[in-house]
Ligand code: ADP
């Protein structure tokens with residue numbers, strides 16, 4: 001694996017949306033392997049347990065040996081070093097995303113200079129899609145099928161029957 005180009009795609013993925021799917025699809029030709037890594041943040045509990053998020057993303061990419069799904073609770077840079085990844089994949093939907101992402105990328109560079117953050121611009125048609133929009137729709141019992149892959153919607157229905 002060491003000589004392979006491994007990218008970590010870190011995020012909350014609470015839940016995984018069509019925006020995330022598009023990013024992974026477009027990043028696949030750039031890397032040998034993409035590790036979708038669900039970051040556990042002690043301060044942010046999230047709507048779905050990490051294992052539920054992981055299961056839904058694993059089902060989505062079942063059969064694709066170049067995509068793995070993991071959960072981590074360390075600094076992203078430390079996680080990358082541990083698994084031998086030299087790239088961090090992130091998406092940019094707006095200038096606000098860039099402001100936020102730039103700071104994180106600079107800190108990661110400081111921590112692990114050999115790791116590059118690679119940004120892909122969001123597909124304009126999907127730039128309005130975010131996990132927080134999906135969570136808001138769920139709280140108001142609105143449909144989410146336009147924003148998440150059907151496997152993810154199915155997992156949400158199993159976990160949260162009255163909300164999906
Ligand atoms: P985080 O809490 O770390 O921001 P998210 O799950 O919200 O985690 O997002 C993970 C990554 O996916 C971020 O880089 C974010 O900018 C990107 N992303 C989220 N939604 C979209 C989208 N619709 N199009 C492209 N990238 C996206």
Using bins 10 angstrom wide from zero, how does P(r) for the stretch 99-164 break down, in % of all Cα pairs?
18, 33, 22, 23, 4
For the stretch 10-164, share of DSSP beta bridges that run antiparallel, in % to the nearest 5
5
If I model a spin label at residue 141 and residue 74 as a point 7 Å from the Cα along the Cα→Cβ vector, what separation in nanometres do I get?
4.5
Angle in degrees between helix 95-111 and the longest Cα principal axis of the chain, rounded to the nearest 10:
40
Taking 7 Å along the Cα-to-C-beta vector as the label spot, tell me the residue 44-residue 66 distance in nanometres, rounded to one decimal.
2.8
Against the longest principal axis of the chain, how steep is helix 150-159, in degrees 0 to 90 to the nearest 10, with axes from Cα atoms?
70
What is the calculated FRET efficiency for residue 101 to residue 26, with r their C-beta to C-beta distance and R₀ = 22 Å, to the nearest 0.05?
0.85
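Let me have the relative contact order for the chain, percent, based on Cα pairs under 8 Å that are six or more residues apart. If you can, show how the numbers build up before the last one.
Details: 237 pairs, mean separation 47.6, N = 164.
Relative CO of the chain lands at 29 percent.
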Compute the Rg to Rh ratio over the stretch 15-110 from the alpha carbon atoms, using the Kirkwood formula for Rh, and round to two decimal places.
0.94
Under 13 Å from a label point 7 Å along Cα→Cβ of residue 94: give me every residue in the stretch 22-61 with its amide N that close.
none
Here the Cα Rg-to-2.2 N^0.38 Å ratio for the chain is 1.01
The residues 43, 116, sorted from fewest to most surrounding Cβ atoms within 10 Å, come out as 43, 116
Mean separation of Cα contacts under 8 Å (6+ apart) over length of the stretch 10-83, as relative contact order %
38
Tell me, what does the Kirkwood hydrodynamic radius of the stretch 1-42 come to in angstroms if you use every pair of distinct C-alpha atoms?
11.2
Quick check: the angle from helix 50-60's long axis to the longest principal axis of the chain, C-alpha only, nearest 10 degrees?
90
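Laboratory data are not the source of any read-out in this text; all were calculated from the coordinates shown. All of these numbers come straight from a predicted model, not from anything done at the bench. Note that each Cβ is placed from the backbone with ideal geometry, even for glycine, and that neighbours are counted across all protein chains shown.
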